[in-house]
Every structure is written in structure tokens, then in C-alpha cells.
Amino acid sequence: MPRKKILFILISLVLTSVWFGPEKIISHAEEGLPFYNLGRTLKIYSYPWLDSGLGSVNPFLISRVTFFGIASWFEGFKISGAKIQQLFFVLLILTPLFSVSSLTQILFPNHPKNLGIYASLFYLFNLFVLSQVFRRFIYSLIFLWSYLPLFLYLWVKWLEAKKVKHLFYFTISSLIFSDIFVLVSSVFAIWIPAGILWFKDRRIAHGLIGVFVWLLTSVWWWYPLVLLKDSPFSQALDTSKNLTSLSDVSKYFPRSEIIFLKQKYFFSSDLIWNKFFSSQLSNVISWTIVSLVVVGIITSFRLKNGKLLLLWFGLSWFLIKGANPPLGKEFYSWLFNAVPFSQVLRNPYEKLGVILVLPYSIFVAVGLSRIRFKIIQSLLVFTICFVLMRPLWTGQVFAGYQVEVPDFYRQANDYLNSSGSLRLLHLPFLHESGTSYTWGYSGDEPSDFLFDRPSVSKTYFFPNDPYPYIYKSIRLPKIARLLQFLAIDTIVLHTDTLPSQVYQENYQGSISIVDQMEHVFIDRSFKGLNIYRLDPSFPVNWGYLSSRTFSVPSISDGFSLVINNSSFKVNNDSFVISPQKPINYGSLLPNYTITKLSPTRYIYHVQHSTSPYILVLSQSYNSGWIARIQKDILPDHFQINGYANGWLVDKAGDYDIEVVFKTWPWE
């Protein structure tokens, strides 16, 4: 086996062995715990409708299906999630090590082979990857860093060789690494350098074929993004707010930081490695790297494809510096107004930084190759990869990220699955999304990964968000009526949370709240969890049929009506927010049952209908939901109960009503 392969495999195995403890998962921030229960994770990512909280449209996560489908397949062989995660990290490291080397050889074919090895090593061992890829720990950014050089290598091979097998590899790899498109900004990150390399070969026809095939084989994730515009996330496209956000974050990556591939926040005094990276030794090594880049840039003027690499380097530097001068504010103001979709780049250093790191790494390699003495080259490589990157080798980069989920969560989940399928309310209730547990986890509230049943656990802060009103209502003794109204039949009280200001109450306070709730009783206790249930006299379902509506000024008034007004019959009455007019049929409702087939499909089995009524689905309102009787779609769809979906139904007899979240034309 060639020494290069041995070196790359050895690096990936040693690093991941250091990072992963025995049966510990690496998890942090927004990512939650996807490797804890891969079957559950795959189900979450398989639908454009996120069955979490009261439900929301989130087509961004669909692109994770391929990766987590493969990971879930491994779980079928009784391999733990921790081992599967470690295996995939080995592959995520190996992919760029080999592909950067191959791409470098294509760009500079007449240079020695160690040029590609040096470029590969620096693409892994640099301050951007340390901080923005691994420490930041967002899977889509890790995948982007891993896949970009492979994407570009296969793209260039297709353009140059014009062989179908390269186009096949190009499209298949895009499917495997589709996790990168959870962040839509990754489309810019891969196609900006691909466009520059396309310019190198100037094979217009083959380039267009490649783009067309890529779009065609990627339709399964981008079509829902284009179609499902009626979502809280679409409201994030606010040019003024995003320009303000861009200006704010740009302060963390001025040009003086970018030249070292740094970002101020991740190298501030609050970080565990600040003392080392502010030392004189670290500064000397960093300036040495910059010197190698300068030498590489000067040398590249005389090399074939050198000027192309300089164009790539210059354009990527201009883009990732954000609102910083020169012309940063002016350019992004024009771009955000002209192309609203580009507002996903409001943090360009984080989202696009990797497209600078790749040419930067090649320039470092070119600079190293200009040093005549091999011993000095080797000494510099060792100093950069091992001394400067010490946090990677010691595992400090993931300090506080390794967790092992206690077994009582598995026990509680099995018990809850055996006794129902409706929503869970988690206490203490979060007024934000971040939380910490005594067993080491710190990040986004992870109940969606820990439990198979949908969880209501936190506020989301979308416009007209009902969660703050749930947060305010939990202390009320008659909260059971609201829980029934929201399709919640079980409360999970966590005893393993760490104190935080984001909780409404601490653990003891939450116990006091539950103790004063009427019609709620303790059902089962586990080591770190207490399970409470609504009294059986409070039937709960995913929706209901209504014959009477009340008109209220706001959702807060509506929830108060549900909780406090005994004349409001839960699972029979409903409310609308003025100026919507109330609908009152005053008639007997038909018999019905509801079957949930998936997060995006419900069947209402109706019997003996004699007069009109309102069908209520207790999922957040979205125009993507449709209700149909056979092939006839019910036309009168509206928001009801301040958050849910309602339809007017005027059909007599026995029939089924199919309620579907429609994404594809054939659904």
C-alpha cells in the first residue's frame, strides 16, 4: 500500500480514536442527538413536515435522508450509534485527504506528488477547520468541508475526460453527501468554485449537461424547498434584518483574522484553547503559514492554472469577508436585494469559508514545495499539523461534546410507546431551545431524538407562535383542558436537567406545578424521569369534528377560553380569531375515528353524517395541508384554534376524509 494511503488512513483512525470515548456520542448545539436512535432520526428527516411541537414545515431536513438512511442500515446490524458515528467520521476525514491530493495533481500536473499530500494535510489541519467545522459542529458544514474537494475533482474529471462514469460518480456522490444542502448556502459553496473550474476548461456543452443531470438527480430535495414557501423559515428572508445581521457578524472576521483563517469568537478569551492560541509560539507558526501562502501566490503566477487559482482565492476572500471593506456592504446590499435567495449568506465566513480554505491550502503546499531542503519541509509540516493543531490531537476540540445517554431514556421511551402515540409535554418547559443535562449533554433540546412520540418542550419564536402562551399557561390548575385541546396526553418531568434561566421553573418548581394540575396523575417513575398522564375522562386525539366556534381577539384569549370557560367543550368546540366570523351549525356531529398513517397523512373515518361541520387537524396551519373525500379536495381551508387547520365539510353519509400534507403533484 502506498505510503500516502497509509498516512491518511492512520491520521483518520488516530484522530477519531481520540475523539470518541467508549460508546460516547459527539453531540452539541443545534444538531441534538441524531446518532442516539438512528431509526427515529431517519423518520424525522424523511418528511417535509416536522412532527415536533405542534408541527411545522421544514423541507430543509429532507436532504439528510440518504446519509441517515445508510447510517440506519448499519444500526440494523446491532452496531451502536456511537460506533457508527465514529466510522462515518473516519470516512469524512479520508474523503478530503484523498480528493484534495487528486484535485491538486489535476491543477498542477507537473509538480511533485508531495504537493498534493501537503495540500491535503493543510486542508485538514488549519484554524478554520478546527473552529468553524469541528468546534462549531454542524453536520452540514462538516459534510461541506469533506465533500467540496471531491465534488470539484469529479466535476473536473467529467469536463476533461467526458466519460459517463465520471458523471455517474459525480451525481452519486452528490446524493451520498446531500446533507450539505440542509444549509442552502452550500449550493453557492460548491458551484462558485465549480463555475471557476468550468471556465478553465470552457467545455460549455458538457458543463451544461453536468448541471442538468445534477439538478435532475437532486430534485428530491430542492423541489420541496421551492414549493413549500408557506413556512416560518420563509419569513427569514428580510433584506433589512439580514443586512444588519451580516454587519454584526462581520465584526468577528475582519481581514486581519481571515489571513490566519481565524474568527474572533472562536479564539476569544472564553474558549478553552485561548491561552495556547494567543501564545508567541502559535503566532509565529501562524505567520509562517501566511508567509508560505504569499510564496505560493507569487509562484503560481508562473504555473499553469495558477492564475485560475488566484481568481478562485480572490473571489472567495471577497465573499467571505462579509460587510468588511472594500465594498462589502455595497456588494451584499445589492446582492440581497437583487437575489433574495442569497440572504442565506448572511454569515458568509461560516457558510462559504471552506471555499477559501481549499485554494489557501494549495498555496501553502506550493509555498512548501519551494523550500529546497526536505528536512525543513518535514519540520514545517510537523509543526503546523501537530503543534499548532494540538487541540485536534488531544480531543480538546470536542471538549464537553462527548455524551452517553442514560439507559432510563430507552426504558421510558419503550414504556411510552406501549401506551400511546400522542404528544408529550416536557417539563421544565424551555423559554428558548438550548438546555444542559447532568449526564453531559449541552445543546438544542433533544427530546425529538430521545422519544419516538412528538414532543412539546420549548418556544420557537416564530410569528404568531403559540408556544409562549403554553409557557404562560402551565401554572394554571386547569391546564389539562389545554393539553387535551393540543393533543397532549402525557407529561414527562425531567429530573436530570441542570439549572438554567431558560427554564420556566427548576425541577422542584415543576413538581409543584404538576402537583396542582387538576386531572393529571403520576403514572410511572424512572431514574431521571417522571411520567404523568391526563385522566382518562379527557380523551385526546390528533383532531376532532366541531359544530360550534367562538370568536376571540387573540390566541391568548382563545387559550384562556379553553382553560377557564366551562361552556367551551374541548374536542367539540373551536375558536377563530377576529375578524374571522364564528361558524355555528348547532347540529349533532357524526361518529368518527382518526387514524394517523404518518406525520403527513391522516384518515378521518366518518359515519352517519347528516349536516355540515368543521374538521379540525391539530397540526400547525399550513396551506400545504389538504383534505379530500375520494378525489374531491375540500375548498374551504382556514386557520382555527389560533394555530390548527380547519375545513368546512358538507356531505352526508359514511365516508373517509384523507388529510395530507401535499408536497409532490401525485400526492
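The values are calculated or read from the model by the stated rules, or taken from the named source; none is laboratory data. Just so it is clear, the model here is predicted, and its values are computed rather than measured. Don't worry about glycine lacking a Cβ; one is built from the backbone with ideal geometry, like all the others, and counts go over all protein chains shown. What goes into the accessible areas is simple: the full protein's heavy atoms, side chains included, and nothing from ligands, DNA or RNA. Shrake-Rupley method; radii C 1.70, N 1.55, O 1.52, S 1.80 Å.
For residue 525, state whether it is closer than 30 Å to residue 592 by Cα, open to solvent by 30 Å² or more (accessible area, probe 1.4 Å) and among the polar types (S, T, N, Q).
no
Out of the residues in region 406-432 that are open to solvent by 30 Å² or more (accessible area, probe 1.4 Å) and polar (S, T, N, Q), state the one that is farthest from residue 81 (Cα to Cα).
Result: 419.
In this structure, does residue 490 turn out to be in contact (Cβ under 8 Å) with a residue 60 or more places away in the chain, β-branched (Val, Ile, Thr), touching a helix residue (DSSP H, G or I) at 6+ places or on another chain (Cβ under 9 Å) and open to solvent by less than 20 Å² (accessible area, probe 1.4 Å)?
yes
For residue 203, work out the one condition from (1) in contact with a His (Cβ under 7 Å, 6 or more places away or on another chain); (2) modelled with pLDDT under 95 it doesn't fulfil.
(1)
Working only within region 249-270, note down all residues that are surrounded by fewer than 16 Cβ atoms within 10 Å (Cβ to Cβ) and either of a type in the set (Gly, Ala, Ser) or in contact (Cβ under 8 Å) with a residue 24 or more places away in the chain (or both).
Result: 255, 256, 268, 269.
Can you tell me which of 646, 642 is surrounded by 15 or more Cβ atoms within 10 Å (Cβ to Cβ), out of contact with any Asp or Glu (no Cβ under 8 Å at 6 or more places or on another chain) and outside any strand (DSSP E or B)?
Result: 642 is the single residue among 646, 642 that is surrounded by 15 or more Cβ atoms within 10 Å (Cβ to Cβ), out of contact with any Asp or Glu (no Cβ under 8 Å at 6 or more places or on another chain) and outside any strand (DSSP E or B).
Surrounded by 14 or more Cβ atoms within 10 Å (Cβ to Cβ), modelled with pLDDT of 95 or more and farther than 24 Å from residue 470 by Cα - does that describe any residue in region 555-562?
The answer is no; no qualifying residue exists.
If you check residue 70 against the conditions, is it open to solvent by 10 Å² or more (accessible area, probe 1.4 Å) and within 27 Å of the chain's Cα centre (by Cα)?
Judged against the criteria, residue 70 is a match.
Can you confirm whether region 375-383 contains a residue that is under 30 Å from residue 531 (Cβ atoms), free of Cβ contacts under 8 Å to residues at least 24 places away in the same chain and exposed (fewer than 15 other Cβ atoms within 10 Å of the Cβ)?
Within region 375-383, none of the residues are under 30 Å from residue 531 (Cβ atoms), free of Cβ contacts under 8 Å to residues at least 24 places away in the same chain and exposed (fewer than 15 other Cβ atoms within 10 Å of the Cβ).
Looking at this structure, is residue 408 touching a Leu at 6+ places or on another chain (Cβ under 9 Å) and not basic (Lys, Arg)?
Judged against the criteria, residue 408 is a match.
When you check residue 251 against the structure, is it in contact with a helix residue (DSSP H, G or I) (Cβ under 9 Å, 6 or more places away or on another chain) and on the phi > 0 side of the Ramachandran plot, yes or no?
Answer is no for this residue.
With respect to the numbered conditions (1) open to solvent by less than 50 Å² (accessible area, probe 1.4 Å); (2) without any contact (Cβ under 8 Å) to a residue 60 or more places away in the chain, which one is the sole condition not fulfilled by residue 477?
Among (1) open to solvent by less than 50 Å² (accessible area, probe 1.4 Å); (2) without any contact (Cβ under 8 Å) to a residue 60 or more places away in the chain, the lone unmet condition for residue 477 is (1).
Would you mind stating whether residue 471 is among the aromatic types (Phe, Trp, Tyr) and either within 14 Å of residue 534 (Cα to Cα) or not in a loop (DSSP other than H, G, I, E, B) (or both)?
Answer is yes for this residue.
For region 9-65, which residues satisfy the criterion of being among the polar types (S, T, N, Q) and farther than 22 Å from residue 433 by Cα?
12, 16, 17, 46, 63, listed by residue number.
Going by the conditions given, is residue 96 under 21 Å from residue 180 (Cβ atoms), open to solvent by less than 20 Å² (accessible area, probe 1.4 Å) and touching a strand residue (DSSP E or B) at 6+ places or on another chain (Cβ under 8 Å)?
Judged against the criteria, residue 96 is not a match.
May I ask you to list the residues in region 324-369 that are closer than 24 Å to residue 136 by Cα, of a type in the set (Val, Ile, Thr) and at pLDDT below 95?
Matches in region 324-369: 344 only.
Matching residues to (1) open to solvent by less than 10 Å² (accessible area, probe 1.4 Å); (2) farther than 24 Å from residue 372 by Cβ:
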position	(1), (2)
103	yes, yes
109	no, no
113	no, no
119	yes, no
127	yes, yes
131	yes, yes
144	yes, yes
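State yes or no: is residue 403 buried (at least 22 other Cβ atoms within 10 Å of the Cβ) and in contact with a strand residue (DSSP E or B) (Cβ under 7 Å, 6 or more places away or on another chain)?
yes
Those residues that are open to solvent by 30 Å² or more (accessible area, probe 1.4 Å) and either in a strand (DSSP E or B) or farther than 22 Å from residue 512 by Cβ (or both), I need them from region 435-447; list them, please.
Hits for region 435-447 are 436, 439, 440, 442, 444.
Restricting to region 577-621, name every residue that is surrounded by fewer than 20 Cβ atoms within 10 Å (Cβ to Cβ) and among the polar types (S, T, N, Q).
578, 580, 584, 587, 591, 593, 595, 598, 607, 610, 611
Give, as residue ranges, the helices (runs of 4 or more DSSP H) completely inside region 32-145 that count at least 3 residues that are modelled with pLDDT under 95 and closer than 30 Å to residue 383 by Cα.
Those helices (runs of 4 or more DSSP H) span 81-107, 114-124.
Taking the conditions exactly as written (in a loop (DSSP other than H, G, I, E, B) and free of Cβ contacts under 8 Å to residues at least 60 places away in the same chain), does residue 371 satisfy them or not?
Judged against the criteria, residue 371 is a match.
Take the conditions part of a helix (DSSP H, G or I) and of a type in the set (Val, Ile, Thr) and apply them to residue 384. Does it pass?
Taking the combined requirement at face value, the residue satisfies it.
Looking only at region 343-359, count how many residues are open to solvent by 10 Å² or more (accessible area, probe 1.4 Å) and within 18 Å of residue 103 (Cβ to Cβ).
Here the count works out to 0.
Only one of these conditions is not met by residue 394: (1) buried (at least 19 other Cβ atoms within 10 Å of the Cβ); (2) among the β-branched types (Val, Ile, Thr); (3) more than 27 Å from the chain's Cα centre (by Cα); (4) within 30 Å of residue 438 (Cα to Cα). Which number is it?
Here residue 394 clears every test but (1).
Please note which helices (runs of 4 or more DSSP H) are completely contained in region 474-589 and include at least 2 residues that are farther than 19 Å from residue 456 by Cα.
507-515, 555-564
Within region 74-132, can you find the residues that are under 28 Å from residue 273 (Cα atoms), of a type outside the set (Val, Ile, Thr) and under 21 Å from the mean Cα position of the chain (by Cα)?
Result: 82, 85, 86, 87, 88, 89, 91, 92, 128, 130, 131, 132.
In region 21-63, how many residues are farther than 27 Å from residue 400 by Cβ and among the β-branched types (Val, Ile, Thr)?
2
For region 570-603, what are the residues that are farther than 27 Å from residue 534 by Cβ and among the β-branched types (Val, Ile, Thr)?
Across region 570-603, the qualifying residue is only 583.
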